[in-house]
Amino acid sequence: MHRALERFAPSWRQSRQALFEATAAEYGSDYSFVSLRQRLRAAKDEAIAHQQELVARFKEQATAAGAVVYEARSAEDANRYIYELCRRKGITLIVKSKTMVSEEIELNHYLEERGIKAVETDLGEWVAQLDHERPSHMVMPIIHKTRQQVGEVLSRATGREISRENVAEQVAVIRREHRQAFLTAGMGISGANALIAESGTVMLNTNEGNGRMVTSLPPVHVVLAGYDKLLPTFADAMTQIRLLARSATGQPMTSYTTFITGPDRPGKEVHIVLLDNGRSAMRADPRFKEALRCIRCAACANICPPYQQVGGHAFGYIYSGAIGLVVTPFHHGLEAAAGPQSLCVSCNACETVCPVEIPLPSLILDVRSRVVASEGLPWLKRLIFGVLARPRLFDLLTRLAAVGQWPATRGTPYVRYRYLRPFEGLPGLRPLAQLTRWRSLPAFARRPLRDRIGVRANLAATHQEGRRSDEMTVCYFAGCMTDRLYPEMGEAVIQVLERCGLRVVFPRAQHCCGLPALNSGDRQHGVAMAKQTVRMLERALDESGADYIVCASTSCVVTLIQDYLRLFEDLQLQSWLNRTRSLAGRIMDFTSFLLRVLVAQQRLPTLRRLRPGETAPVVTYHDSCQSCNCLGLRTEARQVIRDVLGLELREMRDSDVCCGFGGSTSIEHPEIAERLLERKLRHAEETGATLLVSDNPGCLMHLRGGVDANGRPLRVLHLAQLVAEYLA
Ligand code: SF4
Ligand code: SF4
């Protein structure tokens, strides 16, 4: 399954991007992805804000056109309405085209229990129905099945031997099997891609002709749709059309676009069931109401690295992909979302492709913190975050660990499987040993960064030295991973900054920014660490007079300048929000700072020449998720490598796809992390590069560990280390 999804993802990305670019080139920037999504977002926001008026308008228009509109509060309510309709009309056979809402309310099951047969006529949905499965993808329901498996299911269902290889033959069988059902069914049930309020019209976008047969042949047509499908005008629906197929399958348009305004012939009935089922609660929530903008394109599933590994049955409940993790608590309860939400590695890729700009990653984190608030944290995480939130205890324990880790490291920078194997039988050590089979873990540094930097940590002293008018001071926020695990990365950052003539201060009170706790949904400890960090940085700026705060961990930067804002806003901590806002303007990631300040102001010193016998390395670059998806950094590091350092850069495939680190997700779901890591390192090796560079210590830890555990011929460096190596 994951091979099929991995194969689909790159071609989908390519065609999606090419189509949006081609449309913008032909029709102008008003038709670019960014403009279209702004327009659709605005239309959807209007529909959410004025839902009652829109419902009234839609009902009025649809009723005037001869349709019956029923508002169902719950799944049970909607199911009952459809069942009663069947009963009144003596209907025992229904044909359906694909509707995720009917999956949401488990309509087939409800009807089956009452003696009514509902036949799915979408090819994929029918195969899933025959195999008693749910769709694993909102647009391509059986993307998890091979053609051989489809052949097997069809052979079983028809009692005839159907080809396992010939897809055309399989499709022909399905068509034949459905023909009779279309002609004899008493009811057709479809979903809706939009409900257009100004005319009472139902818009349907499909790729198979079955949608039109379902809506036109039977004497009764039931449209099942959530309130979230309402759009004010036809023009808004056109904008949605321009985004939907491009986002969903990378097609310019779906094969069929159908508009239905009331019954199309005398005697025909059209019933439109408007479903709430948790949507009102979503609308009442200032953050989650944004999820009602969703047009169910599944782009957030297509792009999602863990989804590609586990598929939609695991990554979601009924709705899959990122949006599935967000809406499931409202439709099916928090407990249904508890397991799947833990698969998200917070790579933020989904938000970049969502055609209605739903802040999916932060909503998933909100779901996670609700799960934690209701179920509590696992004891190990509680323990770890409890320690992390106490700087002195953390300092003591990491120093003790640096001494006591010898049996697991034998003095090397890694905790390796071969060192741990003899202890695997000891209580509690097996899970740790297993984690190092495919990725060595970093050893704690005997001397953390804070011990290595001398006077820079003395803020008062540096401030009193006085400043030249052209002197620039930066406050360096290292992040706990650099401080305790990779001090050499921190030293490289300081070396580069100082060689550019900057005065660098390192506030000794700096500690973890709280990212691990916040990413795990532990707001209690996360908020404490966020406040501690804001206080510490304010004080450092005040005491040192620094112009900038520079950080060489893009994960920490995103936490400081984006996540804190959302957190304090959400908790309505206005004064902390204001304090964070005024700090955020002074914080820069190392790569941007290097390029936009140091290189732009010509502060970078001359680079050294190659030593005799030294050959310049060939470099490949991994875009960390936080760098590219959250900070929008795509060209900056490449400019540094190519233009500033003059090195050859060879692009790897999918350089901006997650490496699988994802914080604690790589520990909770090692099978996903391992596959993503293996893929990333394979892509890096394919380039023939000898150096793999990135700008985020989390990714570097994961990549280095994978290289070490598998003996791969790659050196893995932080961009700052690479630059430091080339300073004269
Ligand atoms: S943030 Fe990344 S891992 Fe999480 S749902 Fe979005 S794409 Fe998937
Ligand atoms: S959340 Fe966005 S990307 Fe995901 S299905 Fe909805 S509209 Fe598409």
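The values are calculated or read from the model by the stated rules, or taken from the named source; none is laboratory data. The shown structure was predicted, so the numbers you read here are calculated from the model rather than taken from an experiment. Cβ: placed from backbone, ideal geometry, glycine included. Neighbour counts: every protein chain shown. Note: accessible area is taken over every heavy atom of the protein model, side chains too, but ligands, DNA and RNA are not part of it. Shrake-Rupley method; radii C 1.70, N 1.55, O 1.52, S 1.80 Å.
Helices in the chain that qualify as membrane-span-like (whole DSSP H runs, Cα extent of at least 20 Å along the helix axis, mean Kyte-Doolittle hydropathy of -1.0 or higher) are 2-27, 33-49, 167-184, 234-248, 360-375, 523-544. Treating r as the C-beta distance of Ala336 and Ala25 and R0 as 45 Å, the FRET efficiency rounds to 0.55. Figure note: Arg392, Arg279 ranked by solvent-accessible area, largest first, 1.4 Å probe, ligands and nucleic acids not counted: Arg392, Arg279. The residues of the chain present an accessible area of 40 Å² per residue when probed at 1.4 Å with all protein chains retained.
Dividing the radius of gyration of the alpha carbons in the chain by their Kirkwood radius gives 1.02 for Rg/Rh. Averaging the sequence gap over all C-alpha pairs within less than 8 Å and six or more residues apart, then dividing by the number of residues, gives region 618-725 a relative contact order of 31 percent. With the simple spin-label model, which puts each label point 7 Å out from Cα in the Cβ direction, the Glu165 to Leu217 separation comes to 3.2 nm. Between Asp285 and Leu426, the simple label model (points 7 Å from Cα in the Cβ direction) yields a spacing of 4.4 nm. The simple Förster model, with R0 at 41 Å and r as the Cβ-Cβ distance, assigns Glu725 and Gln434 a FRET efficiency of 0.70. How large, in percent, is the carbon and sulfur part of the accessible surface of the chain at a probe radius of 1.4 Å? Taking all protein chains in place, the chain shows 52 percent carbon and sulfur surface.
Three principal axis extents of region 282-375 based on alpha-carbon atoms, in descending order, are 29, 26, 21 Å.
The mean sequence distance of close C-alpha pairs (under 8 Å, at least 6 residues apart), as a share of the length of region 282-375, puts its relative contact order at 29 percent.
Does region 2-277 classify as rounded, prolate or oblate by the C-alpha gyration tensor (a ≥ b ≥ c root eigenvalues; a/c under 1.5 gives rounded; else a/b over b/c gives prolate, otherwise oblate)? The shape class here is oblate. Beta bridges per DSSP, both residues in the chain: antiparallel share near 20 percent. For region 550-697, rounded, prolate or oblate, judged on the Cα gyration tensor with a ≥ b ≥ c (square roots of eigenvalues), a/c < 1.5 rounded, else prolate if a/b > b/c? Oblate, because a/c is 1.5 or more while a/b does not exceed b/c. Projected over every direction and averaged, the convex hull enclosing the alpha-carbon atoms of region 449-599 yields 8.6 nm².
Near Ala72, the amide H atoms lying under 5 Å from its own belong to Leu274, Leu275, Asp276; only residues 5 or more places off or on other chains count, and H is placed 1.01 Å from N. Modelled this way, with points 7 Å down the Cα-to-C-beta line, the labels at Arg596 and Ser35 are 2.6 nm from one another. State whether region 225-284 is rounded, prolate or oblate according to the following rule on the C-alpha gyration tensor (a ≥ b ≥ c being the square roots of its eigenvalues): a/c under 1.5 gives rounded; otherwise a/b larger than b/c gives prolate, and the remaining case gives oblate. It comes out oblate by the Cα gyration axes. Centroid-to-centroid, using Cα positions, region 648-679 and region 188-204 are 41 Å apart.
Excluding same-chain neighbours fewer than eight residues apart, the lysines reachable from Lys44 by a Cα-Cα span under 29 Å are Lys59, Lys96, Lys98, Lys229, Lys289. Computed from the C-beta positions of Glu152 and Leu610 and an R0 of 56 Å, the FRET efficiency is 0.40 to the nearest 0.05. Excluding same-chain neighbours fewer than eight residues apart, the lysines reachable from Lys381 by a Cα-Cα span under 28 Å are Lys531, Lys680. The listed peptides 698-709, 150-161, 419-430, ordered by packing as a protection proxy, come out as 698-709, 150-161, 419-430 (highest mean of other Cβ atoms within 10 Å first). Work out from phi, with θ = phi - 60° and the Karplus expression 6.51 cos²θ - 1.76 cosθ + 1.60, the ³J(HN,Hα) of each residue of region 264-279, listed in order in whole Hz, and give x for Gly and Pro. So the J values, rounded to whole Hz, are 9, 7, x, x, 7, 10, 10, 10, 10, 9, 8, 9, 8, 6, x, 5. In terms of packing, defined here as the mean over residues of other Cβ atoms within 10 angstrom, the peptides 478-486, 367-375 line up highest first as 478-486, 367-375.
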